[in-house]
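Peer 1: The following block contains the structure, expressed as structure tokens.
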Amino acid sequence: MTDLEIVRIPALSDNYIWLVHDAASGETMVVDPSEAAPVLAMAEKRGWMIGQIWNTHWHPDHTGGNAEIKAEHGAIVTGPAAEAGRIPTLDVAVAEGDTVKLGQHVATVLETPGHTAGHIVFHLGDDALVFTGDTLFAMGCGRLFEGDAAQMFANMQRLAGLPPETIVYCAHEYTAANARYAVTAEPDNTATATRLVEVTRQRTAGEPTVPTTIAAELATNPFLRASSAGQLAERRQAKDNFAG
């Protein structure tokens, strides 16, 4: 298991920014900084210099803090080559199969288009963790703003194939709403019903529900569990219109 120190930073209304420190090398990076202030404050509190920013996609609630963090710490910004034109702070453009490193920790870039046309995730296989941005959420998946259900289904199949112990660091606290929908999508899934109770307790207590694991999502996520692109499309449309 990883020896990385990963700090969850709540931001905006429901975003999570992940500040990641490798004690062995002294290096620090941040994933999808929606805003700079809380990241800079946490880094200062811990005495860390942020050398890298990893972006999963171009949306402002994932890149909004790039410029200020870059100015303050000299961080190098890595993000999807397919969206280079939409991330003006980008320094290093990466695509499928490329690798990025934090100290000796290696992340492989997986292209996961659907939410946006060039969305990527960062998979650190040796550390059994993945930063999924807005592709895979706890009990959910990203809305299909720039892609289609076939792409998202392929993404789900690919992520479902990761080792079940893989820890999933996603970018939003959407789990309560996702869980309420999930029990309607799979009313006979007792694991989902049980998780809804726990998620409700966590959120009522003001506790975060992420990170999650691939194992937990295999058991309870109706999008990861979809049997076809058609079923995923139906569930995505139903979730988009879900008011529960």
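The values are calculated or read from the model by the stated rules, or taken from the named source; none is laboratory data. Since this is a predicted model, take the numbers as computed values, not measurements. When we count neighbours, we look across all protein chains shown, and the Cβ atoms used for this are built from the backbone with ideal geometry, even at glycine. When the accessible area is computed, the model is the full protein with side chains, heavy atoms only, and any ligands, DNA or RNA have been set aside. Shrake-Rupley method; radii C 1.70, N 1.55, O 1.52, S 1.80 Å.
The rows are residues; the columns are (1) surrounded by fewer than 16 Cβ atoms within 10 Å (Cβ to Cβ); (2) touching a His at 6+ places or on another chain (Cβ under 7 Å).
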{"site": "49", "(1), (2)": "yes, yes"}
{"site": "64", "(1), (2)": "no, no"}
{"site": "96", "(1), (2)": "yes, no"}
{"site": "112", "(1), (2)": "no, yes"}
{"site": "128", "(1), (2)": "no, no"}
{"site": "134", "(1), (2)": "no, yes"}
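Peer 1: Taking into account only those residues within the stretch 206-242 that are more than 15 Å from residue 179 (Cβ to Cβ) and not in a helix (DSSP H, G or I), which is most open to solvent (accessible area, probe 1.4 Å)?
Peer 2: 241
Peer 1: Give all pairs with beta carbons closer than 8 Å in which a residue from the stretch 76-87 that is over 12 Å from residue 63 (Cβ atoms) meets a residue that is of a type in the set (Asp, Glu); count only pairs at least 6 apart in sequence or on separate chains.
Peer 2: 76/91; 82/111
Peer 1: Any residue at all in the stretch 69-78 that's out of contact with any helix residue (DSSP H, G or I) (no Cβ under 7 Å at 6 or more places or on another chain) and either at pLDDT below 95 or open to solvent by less than 10 Å² (accessible area, probe 1.4 Å) (or both)?
Peer 2: Taking every residue of the stretch 69-78 in turn, at least one turns out to be out of contact with any helix residue (DSSP H, G or I) (no Cβ under 7 Å at 6 or more places or on another chain) and either at pLDDT below 95 or open to solvent by less than 10 Å² (accessible area, probe 1.4 Å) (or both).
Peer 1: Tell me which residues, restricted to the stretch 23-75, are under 25 Å from residue 173 (Cα atoms), in contact (Cβ under 8 Å) with a residue 40 or more places away in the chain and out of contact with any strand residue (DSSP E or B) (no Cβ under 7 Å at 6 or more places or on another chain).
Peer 2: Matches in the stretch 23-75: 58, 59, 65.
Results for (1) under 23 Å from residue 213 (Cβ atoms); (2) touching a Pro at 6+ places or on another chain (Cβ under 7 Å), shown as yes or no for each residue.
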| site | (1), (2) |
| --- | --- |
| 17 | yes, yes |
| 36 | no, no |
| 49 | no, no |
| 68 | no, no |
| 80 | no, no |
| 89 | no, no |
| 105 | yes, no |
| 111 | yes, no |
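Peer 1: Filter the stretch 133-159 down to the residues that are within 18 Å of residue 210 (Cβ to Cβ), part of a loop (DSSP other than H, G, I, E, B) and not charged (D, E, K, R) and list them by number.
Peer 2: Once the filter is applied, which keeps residues that are within 18 Å of residue 210 (Cβ to Cβ), part of a loop (DSSP other than H, G, I, E, B) and not charged (D, E, K, R), the stretch 133-159 yields 135, 138, 139, 142.
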